[in-house]
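Colleague: Below is one structure. I have some questions about it.
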Amino acid sequence: MTALLASRGRSGLRDATRAEWTKFRTVRGWRVALALAAGLLVLFSYLQAHGKHTGYCTTPSPTSCVGGHPYVPDGAGGGAVADAYELASRSLAGDGTITARITSFSGRIWAGPSNEAPSLAHTRPGLAAWSKAGLMVTSSTRQGAAYAAVMATGAHGVRFQYDYTHDAPGLAGAVSPVAARWLRLTRTGDTITGYDSSDGTTWHRIGSARLVGLPSTVRVGLFTTSPNTYGGQATRATAAFDHIALRPSGDGPSAGAAATWRATSTGIGPRDFYTALGRGGERRHGETILVTGSGDIALAVADAGPDTASDSLLFGLVVAMIVLIVVAAMFATSEYRRGLILTTLAATPRRGRVLAAKAVVIGACGFAVGAVASAVAVPFAEHVMRANGNYIYPAGPLTVMRVIAGCGLLVALSAVAVLGLGTILRRSPVAILAGVVVFILPAFTGPGVLGGPGGGGSAVRWLYTVTPAAGFSVLGLLPRSPLVSFPYTMGNGYYPLPPWAGLLVLCAYVGTALAAAMMVLRRRDA
Amino acid sequence: MSDTTIEVDGLYKRFGHTLALDGVSFTVAAGTVTGFVGPNGAGKSTTMRIILGLDSADRGTALVGGRPYAGLTHPMRQVGSLLDAAALQPSRSGRNHLLWIARSQRLPASRVDEVAALVGLGGAARRKAGGYSLGMRQRLGIAAAMLGDPPVLIMDEPFNGMDPEGIIWMRAFLRELAAEGRAVLVSSHLLSELPGVADHVVVIGRGRVLADGPLPDLITGGESLEDVYLRLTASAVEYRSSAEPETGR
């Protein structure tokens, strides 16, 4: 019996939905508006992309500038990475172990104006929180190569890290002559294991990594690198290594400080994107090797200066949303303007069903417009931006599909909400105004109005967290990394909420509007 | 009671300070055309809207075939209605207007063409409804009411805006519906429209039923229809020019 009633309820909704769809598609103006919304989304995406050009200068004086973007390597994990460091290395055939002690770790931080290329002319002493010095096993010194490393850091103690994103903590505390850190890396087949020790006798295993497809001969050595601070100043660090021993497994001879270590500077050339402070290098003092380096080995966040596939979508998307808001308001209020609501409710006396059917129809239309248009606009705009020399942050097919579906949902949800407002208010100008104020305006009072890039901080965060503008979070494409100290702000292209959480905030508003409309429609005389 | 009835029992409805319905009760039987007559503002439309579940009554019940309208699954297969012929989306064609209603009642599109032909809409069905004359709108409204081939029909002022030819057609059409055994409720503010159409008349004024019976029974002596009407509604009209005769005082 219950099942019978439920199926009757569903088929009732189906009949009402078919009726509302017939109503919608038989008004030519509404069909034209849908096509217009999709066309405008694609057009504005193209214009946005077309207006974006990138060039960069490789030498300050004489100036030598070229179109295009600096090189951003793809890391072993599949994302864009920073891979800039100084390495003193030897080749290791087969398995083996490298051990060394770090007795000091210090550095310099650029203290000049932020609009000037950093140099060693104006610096103050200090390390970045994620300055790194330690032992590394890598397939090659090519940028983006697979690696595993155990290291001392500026403020995060000893860490074992591999392939840019993986991290495990070892001994806490900073390195100093009285708190020297012993580090060890062991290669066994594809597995690299990291250890640390405070005395060279008692060793703790921190973690291990399987680097699939690691060649039998690898580079093994001592590295130093030092990233930009949270405030964006370039840094450089120097670490002192002693008790150096590289032992191949089996009966090969052990190599110490006196052996030949090849010095390699990776990722700090003029065409590399990461801003380094000065040049790296190695010096020897007896049994000690000093390695100086600048850069980072981590995920590239927005500091790669990227555009994303969704950057050019925003304006066109908002325009499409406004068009659908107008259509949704008219879809609701035309019933009242002409008195058609009498026929509608006589045909479907279950009023909730009428509203649900209208919501399904306008929601489906909105989703189709947003998703289809952005599915065209994203690859198109990406192509145009690439041709203009811009770097597009790599995004996997699932991520791109999320953005496309997100565009569809943004258009659909705002249209459904305004359908509710139109049902409550019964007059389209008022409903359209309310819809634009609630669902569009917060997005336009974003970073541009409330403060410059990075500015407006808490107000912008608040807007994109608790207002319907939170829904735009589905467009967010830039990765965050706990291993990179960086202001992940709206100004730098980061939405405060994760994509689906932002969409849920928008859903709460839409649900409220729809529930209120349902209540009013049920209680009111037609 | 059979499926083919309308039973209105003790309806009260207040709009603000105005008592629109003050205990309205009547029955429409199968196979009859019942005229629902009264001056403007008497409560005819409100009663019809309550029967159709569009307005809620403060008290009383209105049943169609023994059930409240709002509980019917495909209500337009039970009750055809015409309330406001002008209630059309002007840019939608008459045929598409009928089509969405057909979809809501799960009726085939072929039924749309049948009813369009039935009311003589013909080729005009494919034109935008915004360009229709009032008479054509009435025919479209009748077509919509007939879509579900319903045993019960409710029509508010169907003669409005019809030319003489249309009025003759409408009378014959209503008679035919009753002859087929349907229950038909037709409102009018002109009693003179009803002879030859209505078997039965319910006269309403100021929200009360003033007379309820076969039309011939209401005409006493040598009164004209207008005299009968004025006599019945005299006390129920809110304002009438003093120049007019105040019959019945």
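The values are calculated or read from the model by the stated rules, or taken from the named source; none is laboratory data. Keep in mind the model is a prediction, meaning the values are calculated, not measured. Backbone-built Cβ (ideal geometry, glycine too); neighbour counts: all protein chains shown.
Colleague: Name the pairs: first residue in the stretch B:193-215 and more than 21 Å from B:ALA179 (Cα to Cα), second residue among the hydroxyl-bearing types (Ser, Thr, Tyr), Cβ to Cβ under 6 Å, at least 6 apart or on different chains?
Modeller: From residues that are more than 21 Å from B:ALA179 (Cα to Cα), the pairs are B:GLY205/B:THR233.
Colleague: Can you confirm whether the stretch A:14-30 contains a residue that is away from chain B (no Cβ under 11 Å) and surrounded by 15 or more Cβ atoms within 10 Å (Cβ to Cβ)? Step through it out loud before you land on a result.
Modeller: First pass over the stretch A:14-30, keeping only residues away from chain B (no Cβ under 11 Å): none.
No, because not a single residue in the stretch A:14-30 is away from chain B (no Cβ under 11 Å) and surrounded by 15 or more Cβ atoms within 10 Å (Cβ to Cβ).
Colleague: List the pairs whose first member sits in the stretch B:99-110 and is more than 7 Å from chain A (Cβ to nearest Cβ) and closer than 16 Å to A:THR26 by Cβ, whose second member is modelled with pLDDT of 95 or more and part of a loop (DSSP other than H, G, I, E, B), and whose Cβ atoms are under 6 Å apart, counting only residues at least 6 apart or on separate chains?
Modeller: Note: pairs meeting the criteria are B:ALA102/B:LEU147.
Colleague: Do the conditions hold for B:ALA116, that is, is it within 25 Å of A:MET330 (Cβ to Cβ) and either acidic (Asp, Glu) or surrounded by 18 or more Cβ atoms within 10 Å (Cβ to Cβ) (or both)? Even if it seems obvious, please write down each step before you answer.
Modeller: Numbers: within 25 Å of A:MET330 (Cβ to Cβ): no; either acidic (Asp, Glu) or surrounded by 18 or more Cβ atoms within 10 Å (Cβ to Cβ) (or both): yes.
The answer is no for B:ALA116.
Colleague: Let me ask another. In the stretch A:313-351, what count of residues is obtained for those that are closer than 19 Å to A:VAL520 by Cα, more than 12 Å from chain B (Cβ to nearest Cβ) and surrounded by fewer than 20 Cβ atoms within 10 Å (Cβ to Cβ)?
Modeller: 0
Colleague: Can you give me the number of residues within the stretch B:67-94 that are among the charged types (D, E, K, R), in contact (Cβ under 8 Å) with a residue 40 or more places away in the chain and more than 7 Å from every other protein chain (Cβ to nearest Cβ)?
Modeller: The first filter runs over the stretch B:67-94 and keeps only residues among the charged types (D, E, K, R), leaving B:67, B:77, B:84, B:92.
Right, trim to in contact (Cβ under 8 Å) with a residue 40 or more places away in the chain and you get B:77, B:84.
Add one more test, that the residue is more than 7 Å from every other protein chain (Cβ to nearest Cβ), and what stays is B:77.
Residues in the stretch B:67-94 being among the charged types (D, E, K, R), in contact (Cβ under 8 Å) with a residue 40 or more places away in the chain and more than 7 Å from every other protein chain (Cβ to nearest Cβ): 1 in total.
Colleague: OK, next. Might you check whether a residue that is modelled with pLDDT of 95 or more and within 25 Å of the chain's Cα centre (by Cα) occurs anywhere in the stretch A:269-292?
Modeller: no
Colleague: Quick check on the stretch B:26-49: of everything there that is of a type in the set (A, V, I, L, M, F, W, C) and away from chain A (no Cβ under 14 Å), which residue is farthest from B:ALA183 (Cα to Cα)? Walk me through it before giving the result.
Modeller: Let us first name the residues in the stretch B:26-49 that are of a type in the set (A, V, I, L, M, F, W, C), namely B:26, B:28-30, B:33, B:36-37, B:42, B:48.
Applying the additional criterion that residues be away from chain A (no Cβ under 14 Å) yields B:26, B:28-30, B:33, B:36-37, B:42.
Numbers: B:PHE26: 13, B:VAL28: 6, B:ALA29: 6, B:ALA30: 4, B:VAL33: 6, B:PHE36: 13, B:VAL37: 17, B:ALA42: 22 Å.
By that ranking, first place goes to B:ALA42.
Colleague: Same structure, new question: Is it true that B:VAL64 is hydrophobic (A, V, I, L, M, F, W, C) and more than 14 Å from chain A (Cβ to nearest Cβ)?
Modeller: Details: hydrophobic (A, V, I, L, M, F, W, C): yes; more than 14 Å from chain A (Cβ to nearest Cβ): no.
For B:VAL64, the condition - hydrophobic (A, V, I, L, M, F, W, C) and more than 14 Å from chain A (Cβ to nearest Cβ) - is not met.
Colleague: In the stretch B:131-249, which helices (runs of 4 or more DSSP H) lie fully inside it and hold 1 or more residues that are at negative phi, at pLDDT 85 or above and surrounded by 15 or more Cβ atoms within 10 Å (Cβ to Cβ)? Let's see the steps before the verdict.
Modeller: Values: elements: B:134-146, B:164-179, B:215-218, B:225-233.
By residue number, B:134-146, B:164-179.
Colleague: Across the stretch B:50-61, what is the number of residues that are surrounded by fewer than 24 Cβ atoms within 10 Å (Cβ to Cβ) and more than 7 Å from every other protein chain (Cβ to nearest Cβ)?
Modeller: Residues meeting the conditions: 5.
Colleague: Name the one entry in A:LEU13, A:LEU36 that is in contact (Cβ under 8 Å) with a residue 12 or more places away in the chain, in a helix (DSSP H, G or I) and closer than 18 Å to A:ALA329 by Cβ.
Modeller: On the way: A:LEU13 fails: closer than 18 Å to A:ALA329 by Cβ.
None of the other options fit; the residue is A:LEU36.
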